[in-house]
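Accompanying notes for the structure given below.
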Amino acid sequence: MLSGPAEPTPRPSGAVTATPQPATPTPAPTLAPSGYTSVSWSTALLGDGSGVAHAAVAFGDRIVVVGEDATGPVAWASDDGGATWSSAPFPLNAPPSPGATASARAAAAVGDRLVVIGGWTDAQPATPILWLSDDRGASWRDASAEARLLNGSVTTGTEFALAPRSLVSAAPGLLAYAIDTRLGGTDGLWSSGDGIAWSQLPGTGLPFLAGANLRLAAGPSGYLAAGSHAHQIGLSPAAWTSPDGLEWSVGMDDPQVLGAILQAAGSAAGYAAAGQTFGDARSATAADRGLATLWRSPDGVAWDSVEVSGIGFVPTLVAMNAAGTLVAVEAAGSDAPATTSFVANGSSIAASSGLTLAPDLLAAIGDRFLAVGSCGPNADCLGTQVAIGTPAR
C-alpha cells in the first residue's frame, strides 16, 4: 500500500530559525614592530680606500664583501664585526679582448661554500666568471670551466655563461636571475645546489622573465621576486613568492597602483622592498608626482606600504635585519647627500643620522646593517668606507 507524503512536523511555538552567519575573515598577517627607534653607525676604511663594493655575505661570524679595488676584483673579510678588514684577490685568466676589465658583482653562500659571480666588462664576447671559496673567503678559485648549465637533465653548456642581475640563497640552494650570454642576452632564472651545476627554471606563475629586471630576496616563505608588472594602464609594483624557485604565486600586484619596485631584501623576519609609486588610478585626486615608497611583509603576500617622500629622497637600497627593522638609503651618484631612513613598523618612519658615506651597497648582517661607499658629504674621509649600523631602542 502506497502512502502519501509525510505530514510536516509542527514547529514548536516560539522557536527561532538560526540564520547562517558569514565566516569571520582571517586577518592578514602583519610584521610586528621591532621596537628599535634609531640606528647608530661606526665607520672604518675598507682596504686601501680605493675599492667599490657590490655584494656582502654573512658567513658564520665572518663578513665577506666583494667588489674591485685598484688591483682588480677582490674579496674583503672581517672577523671582528667590521672593525678591521683583510683582502684576498680573485684569480684571473688573460682578458678575452683588449681593454676588458674584470669585476665581482654578486655573492651568496650555499652550505660551506661561498659563490661569487662576476665577469669581464667591455669584453667581446661577454665573458662571465665563476669564483668559489671553500675556506670562508680566505682563498678563491676560478671555477668557470667546472660549471655545467642544465635544462632539465640535458647539459647545455660546460662553461659558465651567466651574468647575474640578482643572486640569493635560501634552503633549497642558490637562485640567480641572470642573463645567459650564449643566447644573445636572454634573462631567466637559474638554480644551483653547489655553485657548479646550474639548472634553468621555467618560472611558472611569473607573468614574464625576459626584460623583467627582477630583484630577488630570501625570507620565511622562500624566494621573493620583485619588480613591476605591465597592466593596461601602466606598470604596477609587483612581487611573487616561491618555496623552491619553480612555482611562483603572486603576492603584490594591484593594477590600480602605478610604479615599480627598485630593490628588495629579506631576512628571517620577512621581506622589504623599496621603490616608487605614482598615485592610485582609483582616486581622482591622486598626485601625479612620484612618491618614494617602502613596503614590508612577513610572508611576501600581505604587504604594508609607507610613503617616504617627506624624507626627501627615493630609496634605492634597502635592507631588513633579523628583527624586522628596515633601513633604506639613496644610492651613491645622486645629487642629494646620502640619507638614511628607519621604519619601526608598517605605518611610521623616522630619519636616522650618522651615515656620512654615499653607499654603493647596503645589507643586513644578522641584527646589524652594513653600508659600503665613497666619502659622499664627508670631505675628511680617506677613501671607500664601510659603516656598521647598530639598531637601538
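Derivation of every value follows stated rules applied to the coordinates shown; laboratory data play no part. Note that the structure is predicted; figures quoted are calculated from it, not measured. Because the Cβ atoms are built from the backbone with ideal geometry, glycine has one as well, and the counts that use them run over all protein chains shown.
For region 44-182, what is Rg from Cα atoms divided by 2.2 N^0.38 Å, rounded to two decimals?
Details: Rg = 14.9 Å, N = 139, 2.2 N^0.38 = 14.3 Å.
Working it through for region 44-182, the quotient is 1.04.
Which length gain, in nm to one decimal place, applies between Ser86 and Asp142 when the Cα-Cα distance is subtracted from 0.36 nm times their residue separation?
On the way: separation 56, 0.36 × 56 = 20.16 nm, distance 2.01 nm.
Gain in length upon complete extension: 18.2 nm.
Mean projection of the alpha-carbon convex hull of region 94-151 over all orientations, in nm²?
On the way: hull surface 19.3 nm².
Spelled out: convex hull of the Cα atoms, projected over all directions, averaged, 4.8 nm².
How far apart, in nanometres, would the label points at Asp135 and Asp244 be if each is projected 7 angstrom from Cα along the Cα-to-Cβ direction? Each label point lies 7 Å from its Cα, and together they span 3.7 nm. Rounded to the nearest 0.05, the FRET efficiency derived from the C-beta distance between Ala268 and Ala94 at R0 = 45 Å is 0.55. Packing-based ranking of 112-119, 196-203, 314-321, 64-71 yields 314-321, 112-119, 64-71, 196-203, ordered from highest to lowest mean Cβ neighbour count within 10 Å.
Looking at region 80-124 from every direction and averaging, what is the projected area of its Cα convex hull in nm²?
Numbers: hull surface 18.8 nm².
Here the figure is 4.7 nm², rounded to one decimal.
With viscosity set to 0.692 mPa s at 37 °C, what whole-number translational diffusion coefficient in µm²/s follows for region 200-265 from Stokes-Einstein and a Kirkwood radius over Cα pairs? Result for D is 276 µm²/s.
The convex hull of the Cα atoms of region 161-218, projected and averaged over all directions, covers 3.9 nm². Between Ala322 and Val154, the modelled labels are 4.5 nm apart [label points 7 Å from Cα along Cα→Cβ].
Note on region 101-233: Cα Rg divided by 2.2 N^0.38 Å, N the number of residues, gives 1.04.
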